[in-house]
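What follows is a short report on a single structure.
The values are calculated or read from the model by the stated rules, or taken from the named source; none is laboratory data. Computed from a predicted model, the values in this text were never measured in an experiment. With ideal geometry, Cβ positions are generated from the backbone for all residues, glycine too; neighbour counts draw on all protein chains shown. Remember, those area values only see protein heavy atoms, side chains included, never the ligands or the DNA or RNA. Shrake-Rupley method; radii C 1.70, N 1.55, O 1.52, S 1.80 Å.
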Amino acid sequence: MLGYFTEVNSVETVNARMGATINPRVRQVMSSLVGHLHAFVKDVQLTQEEWEYAINFLTRTGQICSDERQEFILLSDTLGVSMLVDAVNNRRPAGATENTVFGPFHVAGGPVRPMGYNVNLDGRGEKCLYRGRVVDLQGEPIAGARIDVWSDSVDGFYDVQQPNIQPKWNNRGTFITGEDGAYHYLGIKPVSYPIPDDGPVGQMLIALGRHPYRPAHMHYLIVAEGYQKLVTHIFAAGDTYLESDTVFGVKKSLILDFKKVEGDSIQWEAAFDFVLVRR
Ligand code: BEZ
Ligand code: FE
């Protein structure tokens, strides 16, 4: 018998209340969570006012969520938790393309476009040819890989953030590789942009003296039968925010030199091969 709750025995007392027959993973996760939460309160000697502020902050975070906005994921992203969960769950062998954060702006079920298609539907921005191959660790082409791509517009917004301004499917597309595993399509050279910062997460960033920007990137989701799903970006080398991405998504292996193309209508070229790992 542990007796009544005290400052000293708090963790053991709370965790001892769990039933004997509960799911063992629930027991493990919740015991650890309670342990870390109590240690945190004791470590910082949390005041009553700070506790109230935290409750209010989390309440506002929930209240701003909608079908179009997930402020809790944004909170996880900006605290580095999304990237950490991704890292823990996607350890890959050398040579494989690394994962990064998925983000909230992917739209599933878009139309499949023919190779070479121009996903930039508003005609604004610096034109860029994206090309490369989807291969396995031995360099063999992967046929039938489904490649979803999405980027922001030249103004730094995804089409879904501006449904009355941008054409639907602007700067996003789906492509399927053929026998050679190759892909190519046209888009724009993306620009850096702030994550949605008009809610509690934006206020938190200000309080922490942080900016809300992500460096310019093109998103990729690549799915192929028998291979691990790849969620990644290509980042444009030289971007101001590469070393201070507000969601910690940058990895060295994903930074690419966009090559300037002289003398025809395409202004940039981004060549990148994606290396998938068998499941
Ligand atoms: C994005 O890259 O689209 C993104 C990622 C995390 C939070 C917000 C946006
Ligand atoms: Fe993005």
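In the set (1) closer than 28 Å to residue 71 by Cβ; (2) more than 12 Å from ligand 1 (Cβ to nearest atom); (3) within 22 Å of the chain's Cα centre (by Cα), residue 167 fails one condition alone, (3). The set of residues from region 215-239 being open to solvent by 10 Å² or more (accessible area, probe 1.4 Å) and outside any loop (DSSP other than H, G, I, E, B) comprises 221, 223, 227, 231. Screening residue 62 with (1) assigned to a helix (DSSP H, G or I); (2) at pLDDT below 95 gives one miss only, at (2). Residues of region 79-102 that are within 15 Å of ligand 1 (Cβ to nearest atom) and polar (S, T, N, Q): 82, 99, 100.
Based on what the data block shows, is residue 49 among the acidic types (Asp, Glu), surrounded by fewer than 14 Cβ atoms within 10 Å (Cβ to Cβ) and touching a helix residue (DSSP H, G or I) at 6+ places or on another chain (Cβ under 8 Å)? Here the answer is no, as residue 49 does not meet what is asked.
Just to be sure, is residue 242 surrounded by 15 or more Cβ atoms within 10 Å (Cβ to Cβ), within 15 Å of the chain's Cα centre (by Cα) and free of Cβ contacts under 8 Å to residues at least 40 places away in the same chain?
Values: surrounded by 15 or more Cβ atoms within 10 Å (Cβ to Cβ): yes; within 15 Å of the chain's Cα centre (by Cα): yes; free of Cβ contacts under 8 Å to residues at least 40 places away in the same chain: yes.
So residue 242 passes the test.
Beta carbons closer than 6 Å, at least 6 apart along the sequence or on distinct chains, pair a first residue in region 78-99 that is of a type outside the set (A, V, I, L, M) with a second that is open to solvent by 60 Å² or more (accessible area, probe 1.4 Å) and within 16 Å of ligand 2 (Cβ to nearest atom) for 80/248.
Selection within region 240-279: residues that are aromatic (Phe, Trp, Tyr) and part of a strand (DSSP E or B). The member of this set that is nearest to residue 179 (Cα to Cα) is 274. The set of residues in region 175-199 being of a type in the set (Phe, Trp, Tyr) and either within 18 Å of the chain's Cα centre (by Cα) or closer than 20 Å to residue 236 by Cβ (or both) consists of 183, 185, 193.
Kindly establish whether residue 202 is more than 14 Å from the chain's Cα centre (by Cα), in the same structural domain as residue 147 (by TED's automatic domain parsing) and of a type outside the set (D, E, K, R).
Numbers: more than 14 Å from the chain's Cα centre (by Cα): yes; in the same structural domain as residue 147 (by TED's automatic domain parsing): no; of a type outside the set (D, E, K, R): yes.
Judged against the criteria, residue 202 is not a match.
Would you check which residues across region 202-214 are within 14 Å of ligand 1 (Cβ to nearest atom) and either open to solvent by 20 Å² or more (accessible area, probe 1.4 Å) or part of a loop (DSSP other than H, G, I, E, B) (or both) and list them?
We begin by selecting, within region 202-214, every residue within 14 Å of ligand 1 (Cβ to nearest atom); these are 202, 204-205, 210-214.
If the condition is that a residue be within 14 Å of ligand 1 (Cβ to nearest atom) and either open to solvent by 20 Å² or more (accessible area, probe 1.4 Å) or part of a loop (DSSP other than H, G, I, E, B) (or both), then 204, 210, 211, 212, 213 are the ones that fit.
Set side by side, the residues 37, 75 differ, and just one is surrounded by 12 or more Cβ atoms within 10 Å (Cβ to Cβ) and touching a residue at least 12 places away in the same chain (Cβ under 8 Å), which is 75.
Being more than 12 Å from ligand 2 (Cβ to nearest atom), open to solvent by 50 Å² or more (accessible area, probe 1.4 Å) and more than 17 Å from residue 150 (Cβ to Cβ) is a property that holds for residue 255.
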